[in-house]
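Enquirer: Pasting a structure below so you can have a look.
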Ligand code: SF4
C-alpha cells in the first residue's frame, strides 16, 4: 500500500473513531443505556397546547441585486456558484445535482434535499437523513418525522408546509452514525445555500449533532436547549431531536420542546 493511501486510511479511521466517541458521549449525556424497538403510532403532544394563529407573514424584503457568489467545495467538482446573494432553492438543488462530493453518496438511495415553504420564517435543521428519509427522498418522514410534524402543527399551530425542513448532510450516513467532518464540509455550502435561499427569521436545530455542527463546538443539548444562539446572523434555537423525544417521552421533555418551539415561533413572527 502506498504511503499516501495508508495516511488516508489512518485519517478515515481516526475520523470514525472520533465520531463513535462523540456518539457515545451523546448517548451518555442523554442517559441512553439500551436500545428498544419502537412500535405503534407516535404519541401525540399534549392536546392542551394553545394553537397559534396562522397569520400571513409580513412581506419579505426584495431580493438583492444579482451578484456572483462562489464557494469552494471539497471533492470532485470545483467551485460552486449561483447567481445572486440569495439564490433560489431550485438553483441550489440544481448545483447539488447527482452529488458525489463525499463518500456518503455510495450508500444512499435518494438525496434528501429539503422540504417546505421557500420563504419560511422558521427553518428546522437535523443532522442527516435516516432510513425512511433515504427511501423517500424527504426529510423527517419516519416516526421521528411524524412527531416533528405534530410538534409543529400541534405545538405551534403552523401547517408543516409553512416551515422549511432539511438536514446538514443530504445523504444518509451508514447505520445512522453522525456525519464525519469531511462529509459536513462537503455538504455545508448547500445547507448555507438553502439558508440564504429561504432566509428564515429563526433556525431551530434538532438534537445535539445539528446544534454542535452549526455552532462549531460540541454542545450538551440538554443544557443548551432553550437558549438563543446565532448562525450567520440568524437567531438559532437549539431543541431536542424528535427521536430523542420518542425515546424519552416525559412531560418534562415535552414541555421543554414546546417552550423552545413557542419561543422560536414568537421570535419568527411566523
Ligand atoms: S452528503 Fe452532501 S456532499 Fe456528500 S454526497 Fe451527499 S449531497 Fe453530496
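Enquirer: Given 188, 177, 172, which one is crowded, with 24+ Cβ neighbours inside 10 Å and within 16 Å of the ligand (Cβ to nearest atom)?
Expert: Numbers: 188 fails: crowded, with 24+ Cβ neighbours inside 10 Å; 177 fails: crowded, with 24+ Cβ neighbours inside 10 Å.
Answer to the check: 172.
Enquirer: Now for a different question. Name every residue in region 259-270 that is surrounded by fewer than 20 Cβ atoms within 10 Å (Cβ to Cβ) and in contact with a helix residue (DSSP H, G or I) (Cβ under 6 Å, 6 or more places away or on another chain), in order of residue number. Give the steps one after another, and end with the answer.
Expert: Let us first name the residues in region 259-270 that are surrounded by fewer than 20 Cβ atoms within 10 Å (Cβ to Cβ), namely 259, 262-263, 266-267, 269.
Within region 259-270, no residue meets the criteria.
Enquirer: Checking residue 215 against (1) away from the ligand (no atom under 16 Å from the Cβ); (2) surrounded by 21 or more Cβ atoms within 10 Å (Cβ to Cβ); (3) within 13 Å of the chain's Cα centre (by Cα), which test does it fail?
Expert: The one condition residue 215 does not meet is (2).
Enquirer: State whether one or more residues within region 132-140 are surrounded by fewer than 23 Cβ atoms within 10 Å (Cβ to Cβ) and within 12 Å of residue 243 (Cβ to Cβ). Give the steps one after another, and end with the answer.
Expert: Within region 132-140, the subset surrounded by fewer than 23 Cβ atoms within 10 Å (Cβ to Cβ) is 132, 134-138.
Add one more test, that the residue is within 12 Å of residue 243 (Cβ to Cβ), and what stays is 132.
Within region 132-140, one or more residues are surrounded by fewer than 23 Cβ atoms within 10 Å (Cβ to Cβ) and within 12 Å of residue 243 (Cβ to Cβ).
Enquirer: For residue 148, are the conditions met, namely being more than 18 Å from residue 237 (Cα to Cα) and under 15 Å from the mean Cα position of the chain (by Cα)? Quick ask: steps written out before the conclusion?
Expert: Values: more than 18 Å from residue 237 (Cα to Cα): no; under 15 Å from the mean Cα position of the chain (by Cα): yes.
No.
Enquirer: For region 227-255, which residues satisfy the criterion of being closer than 23 Å to residue 128 by Cβ and in a helix (DSSP H, G or I)?
Expert: Residues satisfying the conditions are 242, 243, 244, 245, 246, 247, 253.
Enquirer: For region 122-137, give me each residue that is within 16 Å of the ligand (Cβ to nearest atom) and in contact (Cβ under 8 Å) with a residue 40 or more places away in the chain.
Expert: Result: 125, 126, 127, 128, 129, 130, 131.
FYI, it's all coordinate maths here, none of it is from the lab. Owing to the predicted nature of the structure, the values given are computational and were not obtained by experimental measurement. Note: ideal-geometry Cβ built from the backbone for every residue, glycine included; neighbour counts use all protein chains shown.
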